[in-house]
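Worksheet for the structure shown next.
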Amino acid sequence: MQRLSALAAIEHDDPLASAAARRLDQLVGEDNCERPIGVAVSGGSDSTALLHLACLWASQRGRVLLVFTVDHGLRPGAADEAETVAAACRGLGLSHQTLRWKNGRAQQSTARSARHALLAAAVRDVGGRHLLIGHTADDQLETLLMRARQGSGWYGLGGMDAVAVSPAWPEGRGVTLARPLLAHSRSVLQHWLRARGVAWVEDPSNADVRFERVRVRRLIEEASPAFQTRLNRITGRMAALRRAERTVLARALDQTVTAIGDGQFVWRRDGVEQLDREVRIISLLIQLASGTAQPLSHRNVRVLLEAIRTSQKDAGRTLGGAWIAWSRPHVLFSRDPGLAASPPGPNTIVWDGRFERVGTGLAGHKQDRGVAFGDAQDDRLRLTPSLPPDESDWRDLTGDRLEAVKASMKG
């Protein structure tokens, strides 16, 4: 702890450390919360800079950091890299844990999903609610170009959010990702580390051109300084548009969506007039009602939205694991009963991605399964939701998940 105090004193007037501390205050909060904060550290320059900057901040704020490194088991040197991070944490007086992915496959998308699931579960296991990620301005720019190549719309081109719910589900329930370094370039972070004699690990996969992100990174590095400046300006503007839209989207969700229990939602469509925003709302509600984490194709959602817009009433159709019915202006989202999980076993904690076992017999559920559309009592669609047996032993997670998404959008 004496070393931490000395570091804090040395870095008191450091611009980068001060900027990172202010951003962490905004993203995580200034209160002296007893909950630990998780930090994902691979050993590369970005996450190593995050480790040291977060350590300085935590020592000044009285916060507890727990550091996690994921060993995907895909490279022989990965275990040694994790031990390097562990040694650095010991030097800083921080707790470290290596999370090992078993039966891994050498695909970046698969590894990313597994990494998020492992990290989220580890944060939950220690009672944490926040996980710090070391993404930088360079990652943001690479994300923009990759999404542009994939045909993403302007919202997707806004890149990664500074605050977001964990993409892992149900492992990530209650876990929020925070990216405090999005405004800083990798070169600035590396210069900061060199000035302090802090080494980092160079991941050989960062030079493997089989991966799209590596190819995009090289393209940016080979571009002229003027072109890089233009790209950074575009990235900043798109990110600002995305932040503004997320604020509006959170307000629209507050005003038009109601969680009615049993994993069901009602959306009042007359409160939203922008087509892309409607697509985003429908996509989110289908994910929540189906208990899944996989986003839907916007093409399929637009087909559904066109049906909702052009027909007064529909007794129900399915998409993405959800059941959707409407009587304008109200739209009901529930679980597709034909795709619900098998009855839970005695050791099941989360069932069908929608209910968490509480075992108290006090959770309770709505007795009236009907959802009223309009004022007339006979204008009522009825659906028996897909529920686990012994309903009172289970708590509905979907409403909490909606609130967490809204909170991240407002943050």
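Identify, by number, the condition in (1) under 24 Å from residue 349 (Cα atoms); (2) assigned to a helix (DSSP H, G or I); (3) open to solvent by 10 Å² or more (accessible area, probe 1.4 Å); (4) in contact (Cβ under 8 Å) with a residue 60 or more places away in the chain that residue 123 doesn't meet.
(3)
Counting only residues that are surrounded by 20 or more Cβ atoms within 10 Å (Cβ to Cβ), part of a helix (DSSP H, G or I) and touching a helix residue (DSSP H, G or I) at 6+ places or on another chain (Cβ under 8 Å), how many does the stretch 22-46 have?
3
With (1) under 16 Å from residue 142 (Cα atoms); (2) in contact with a helix residue (DSSP H, G or I) (Cβ under 7 Å, 6 or more places away or on another chain) as the list, and residue 224 as the residue in question, which single condition is left unmet?
(2)
Go through (1) touching a residue at least 40 places away in the same chain (Cβ under 8 Å); (2) surrounded by 15 or more Cβ atoms within 10 Å (Cβ to Cβ) for residue 270 and report which single condition fails.
Every listed condition holds for residue 270 apart from (2).
Would you please list the contacts, defined by Cβ atoms under 6 Å and residues six or more apart or on different chains, that run from a residue in the stretch 1-25 that is modelled with pLDDT under 90 to a residue that is assigned to a helix (DSSP H, G or I) and open to solvent by 50 Å² or more (accessible area, probe 1.4 Å)?
Every condition considered, the pairs that remain are 8/60.
Filter the stretch 319-341 for residues that are under 15 Å from residue 352 (Cβ atoms), in a strand (DSSP E or B) and either among the charged types (D, E, K, R) or over 24 Å from the mean Cα position of the chain (by Cα) (or both) and give the result.
Matches in the stretch 319-341: 323, 335.
Looking at (1) touching a residue at least 60 places away in the same chain (Cβ under 8 Å); (2) open to solvent by 20 Å² or more (accessible area, probe 1.4 Å); (3) more than 26 Å from residue 132 (Cα to Cα); (4) of a type in the set (Val, Ile, Thr), which one does residue 201 not meet, given that it meets all the others?
Every condition holds for residue 201 apart from (3).
Residue check: is residue 209 more than 23 Å from the chain's Cα centre (by Cα), under 23 Å from residue 179 (Cα atoms) and assigned to a loop (DSSP other than H, G, I, E, B)? Show your work before the answer.
Numbers: more than 23 Å from the chain's Cα centre (by Cα): yes; under 23 Å from residue 179 (Cα atoms): no; assigned to a loop (DSSP other than H, G, I, E, B): yes.
No.
Does at least one position in the stretch 372-390 carry a residue that is at pLDDT 95 or above, of a type in the set (Val, Ile, Thr) and more than 30 Å from residue 240 (Cα to Cα)? Walk me through how you get there before you give the answer.
Of the residues in the stretch 372-390, the ones at pLDDT 95 or above are none.
Scanning the stretch 372-390, I find no residue that is at pLDDT 95 or above, of a type in the set (Val, Ile, Thr) and more than 30 Å from residue 240 (Cα to Cα), so the answer is no.
What residue, of 246, 217, is open to solvent by less than 50 Å² (accessible area, probe 1.4 Å), at pLDDT 95 or above and of a type outside the set (Asp, Glu)? Full working, then the answer.
Details: 217 fails: at pLDDT 95 or above.
That would be 246, the only listed residue that is open to solvent by less than 50 Å² (accessible area, probe 1.4 Å), at pLDDT 95 or above and of a type outside the set (Asp, Glu).
Give me the residue from the stretch 171-201 that is at pLDDT 95 or above and in contact with a Gly (Cβ under 7 Å, 6 or more places away or on another chain) and, out of that set, nearest to residue 402 (Cα to Cα).
So the residue we want is 181.
Residues are listed down the side, and each one gets a yes or a no for (1) of a type in the set (Lys, Arg); (2) open to solvent by 40 Å² or more (accessible area, probe 1.4 Å); (3) over 25 Å from residue 400 (Cβ atoms); (4) out of contact with any strand residue (DSSP E or B) (no Cβ under 9 Å at 6 or more places or on another chain):
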{"residue": "281", "(1), (2), (3), (4)": "no, no, no, no"}
{"residue": "287", "(1), (2), (3), (4)": "no, no, no, no"}
{"residue": "294", "(1), (2), (3), (4)": "no, yes, no, yes"}
{"residue": "303", "(1), (2), (3), (4)": "no, yes, yes, no"}
{"residue": "315", "(1), (2), (3), (4)": "no, yes, yes, no"}
{"residue": "327", "(1), (2), (3), (4)": "no, no, yes, no"}
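The values are calculated or read from the model by the stated rules, or taken from the named source; none is laboratory data. None of these values were measured; they are calculated from a predicted model. Ideal geometry is used to build each Cβ from the backbone, glycine not excepted, and the neighbour counts take in all protein chains shown. Surface areas here come from the heavy atoms of the whole protein model, side chains and all, with no ligands, DNA or RNA. Shrake-Rupley method; radii C 1.70, N 1.55, O 1.52, S 1.80 Å.
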